[in-house]
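Structure, as structure tokens:
The values are calculated or read from the model by the stated rules, or taken from the named source; none is laboratory data. It should be emphasised that the depicted structure is a prediction, and the values quoted were computed from it without experimental measurement. Don't worry about glycine lacking a Cβ; one is built from the backbone with ideal geometry, like all the others, and counts go over all protein chains shown.
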Amino acid sequence: MASDGHTRAPVGAPADALTGRILDGRYRIGSRVARGGMASVYEATDLRLERTVAVKVMHPGLGDDDEFAARFVREARSAARLSHPNVVAVYDQGEDDGVVFLAMELVEGHTLRDTIGKESPMSPLRALALLEPVLSALAAAHRAGLVHRDVKPENVLIADDGRVKVADFGLAKAVSTDTQHTATGGVLIGTVSYLAPELVVDGRADARADVYAAGVLLYELLTGRKPHEGESPIQVAYKHVHEDVPPPSTLAPGLPAYVDALVARATARDREQRPADAAVLLRHVHRVTQALAAGVREDDELTADLRPRAVVAEPEPTVLIERPGDTAPEIWDAEELGRILGPSLSDATQVRAPAPPATPAPVPLVERSAPQRPARPARPRRSRRGLVLLLVAVLVAAAVGAGAWWFGSGRYVNVPGVVSLGEAAAIEKLEAAGLEAEVGDPAYSETVPVGVVIATDPGAGAQVLDGGTVTLTVSLGKERYTLPNLAGLTEAQAQEKLAELNLSFGAVRQRWSETVPEGVVLNSSPRPGKVLTRGTNVDLAVSKGRRPIKVGDWTGKSYDAARDALEKRGLVAKVGDEQYSDDVAKGDVIGQDPREGTLFKGDTVTFTVSLGPELVEVPSVRASGVDAARQQLEDLGFVVKTKEAAGYLGLGYVFSSDPGAGEKVPKGSTITLSLI
């Protein structure tokens, strides 16, 4: 992924370790453009084809083993097969001394995250116009059998000319092939805000996972907010699995119902309710766009067609209990039975799932949000009471048996509730209950003060073996970071500093500076010292170095005019030499150094200025012979002409000259002699 405004590191400034290195004998690495969770992106030069590309380099550790490298190559080849105007082209893939990299198309521009930050919440027509090329790219991938798996605003690039391109096809799959996307015990690959429920639960995904992410993206474009938020990634993942994405109209009143329905359809938690792939969702988007463009506010048919279909309610789990000699086994609710029996049952009591009826009765379709409980078969009160008495007797008998206590509930302790207690008080309470307390990794909280317990594992009410361990999560308080002074760092160093503070790297604004070298940070927005929340975007103003000033060619023009113009630009003009010139008027420029090009503020331009033609005094040649007068004047550089004076006598002497004796005229002027 590339961004606009990137610069190369200045000479003498600290640089990234890869900057200047040539990978695979082909790609000369330039300045780092962006840094993500799995890779960094550099501007690079393809020496073979003499073009500028983006090179994505996997972070150390991801590409250390041969198995990963082979998997990465396979996925990169799959992505390289995609040829679509809305897909960032993958040119090459390679490995050089442990550095695994991709060579890709360099997109000069910004990300959709920047657009969301500036424009959201936006009109539905604008939101769908941005989403359409994303879906077009995903549809091409789905037709080719590729699933993106990490659709998010940061992977959608918007070029300076308005083109929209999706990046990182195949990369998420390469990284996560052997990794489960689980909310408990696993690792969440990608940005959790856009993960489909099935990715959270079992890590397996098809095209409908991309559809879900696109629906979340649409919600964010319309509202400026993510649909599910929490204090930790696990909390957000839990909400994806257990909570529907709310209608965007709750945050953006006035949206047509069919727009809400489109978002609900794309983000249905049951993937069977979503469009089969991005191409199907794209057709729905076209229908909604047409309705919006026509000014339709309400369309019940379109809304009903887009809304997720009703689903069949799942019956509550039940079990059959058969006692020895009992010809009428009874159906019990599994949860209720568990509360009565505890952890033990007699060997003489058989527990199994009930067999399905020979002809199952149809179950009506109901809305997911209000599942109906199937009616529980009526049970004679006497039979149930007898069952309970029998079970109590069985448990008592089992308790007398050798070793029965070991498997009974006597060894278990209910975890007391300690959430909202201070750390010391929580440990004391757990130890009083016969449990060991262990303080795990702390966590930030926007609502729980520092040092107070946020959660326990296992949670309150859970049964734990006597003497077992309960892990406490203690609050670090609100997660806040003080923005340091980034001025004087290179752009790459500033990005690393922001990543260390869990702050996001925003946009780069380049400015000329007469004092700060190219590629070095001038200042930041927000300003240093500002206390920020996690993930806050920080924009950087980065130096482009000294501003070049155009000199221009002033030959033949007035020196005074040249001096005034250059001084306004910040340059210094001076006269280095003055020369006579028959061709250049006095006061005009004969030559300059430098002749053209650019200089920097305070630099000097030296001029040679014309004195005009050289002047020569006309000598007196009156009464001289014509030949002698001619020779004298020509020796001084004059051109001589003769004419007969009035009353010409033919003597051959000079009577007068024009110009006359003593006058100063330019060298080479014509002197006319009058003869008598």
When the residues of region 610-661 are filtered to those that are assigned to a strand (DSSP E or B) and of a type in the set (Val, Ile, Thr), which remaining residue is farthest from Glu578 (Cα to Cα)? Val654
Test Val245 against the stated conditions and say whether it is at pLDDT below 85 and either surrounded by 15 or more Cβ atoms within 10 Å (Cβ to Cβ) or assigned by TED's automatic domain parsing to the domain that holds Val151 (or both). no
Residue set Gly98, Gly117; condition under 16 Å from the mean Cα position of the chain (by Cα) and surrounded by fewer than 21 Cβ atoms within 10 Å (Cβ to Cβ); output residue Gly117
Selection count where residues are over 13 Å from Ala573 (Cα atoms) and in contact with a Ser or Thr (Cβ under 8 Å, 6 or more places away or on another chain), scope region 583-594: 6
Quick test of your reading of the structure: Ala268 fulfils all but one of (1) small (Gly, Ala, Ser); (2) surrounded by 19 or more Cβ atoms within 10 Å (Cβ to Cβ); (3) outside any helix (DSSP H, G or I); (4) in contact (Cβ under 8 Å) with a residue 60 or more places away in the chain. Name the failing condition by number. (4)
If we keep just the residues of region 197-211 that are part of a helix (DSSP H, G or I) and within 19 Å of Ala144 (Cα to Cα), which is nearest to the chain's Cα centre (by Cα)? Asp210
Is it true that some residue in region 660-669 is within 30 Å of Gly556 (Cβ to Cβ), in the same structural domain as Asp564 (by TED's automatic domain parsing), surrounded by 14 or more Cβ atoms within 10 Å (Cβ to Cβ) and among the hydrophobic types (A, V, I, L, M, F, W, C)? no
Exclusive hit being assigned to a strand (DSSP E or B), at pLDDT 50 or above and in the same structural domain as Gly468 (by TED's automatic domain parsing), set Glu438, Glu446, Glu428: Glu438
Taking Gly477, is it out of contact with any Phe, Trp or Tyr (no Cβ under 9 Å at 6 or more places or on another chain), part of a loop (DSSP other than H, G, I, E, B) and modelled with pLDDT of 85 or more? no
Taking region 422-431, which residues are over 17 Å from Pro458 (Cβ atoms) and either touching a residue at least 12 places away in the same chain (Cβ under 8 Å) or surrounded by 13 or more Cβ atoms within 10 Å (Cβ to Cβ) (or both)? Gly422, Glu423, Ala425, Glu428
So Pro121 clears everything in (1) under 23 Å from Ala79 (Cα atoms); (2) in contact with a Gly (Cβ under 7 Å, 6 or more places away or on another chain); (3) assigned to a loop (DSSP other than H, G, I, E, B) except one condition, right? Which one? (1)
Go through region 36-59 and report how many residues are buried (at least 20 other Cβ atoms within 10 Å of the Cβ) and charged (D, E, K, R). 2
The one condition Arg269 fails out of (1) of a type outside the set (Gly, Ala, Ser); (2) under 19 Å from Ala137 (Cα atoms); (3) touching a His at 6+ places or on another chain (Cβ under 8 Å) is (2)
Look through region 272-304, keep the residues that are of a type outside the set (A, V, I, L, M, F, W, C) and in a loop (DSSP other than H, G, I, E, B), and return whichever of them is surrounded by the fewest Cβ atoms within 10 Å (Cβ to Cβ). Gly295
Restricting the first residue to region 623-634 and requiring it to be without any contact (Cβ under 8 Å) to a residue 60 or more places away in the chain, which pairs with a second residue that is of a type in the set (Val, Ile, Thr) and surrounded by fewer than 17 Cβ atoms within 10 Å (Cβ to Cβ) meet a Cβ separation below 7 Å and a spacing of at least six or different chains? Val626/Thr642
Taking Glu132 as the residue in question, decide whether it is under 15 Å from Ala214 (Cβ atoms), modelled with pLDDT of 90 or more, surrounded by fewer than 20 Cβ atoms within 10 Å (Cβ to Cβ) and out of contact with any strand residue (DSSP E or B) (no Cβ under 7 Å at 6 or more places or on another chain). yes
Within region 272-306, residues more than 13 Å from Val259 (Cα to Cα) and of a type outside the set (Gly, Ala, Ser) come out as Glu272, Gln273, Arg274, Pro275, Asp277, Val280, Leu282, Arg283
May I ask you to list the residues in region 520-542 that are of a type outside the set (A, V, I, L, M) and in contact with an Asp or Glu (Cβ under 6 Å, 6 or more places away or on another chain)? Ser525, Arg534
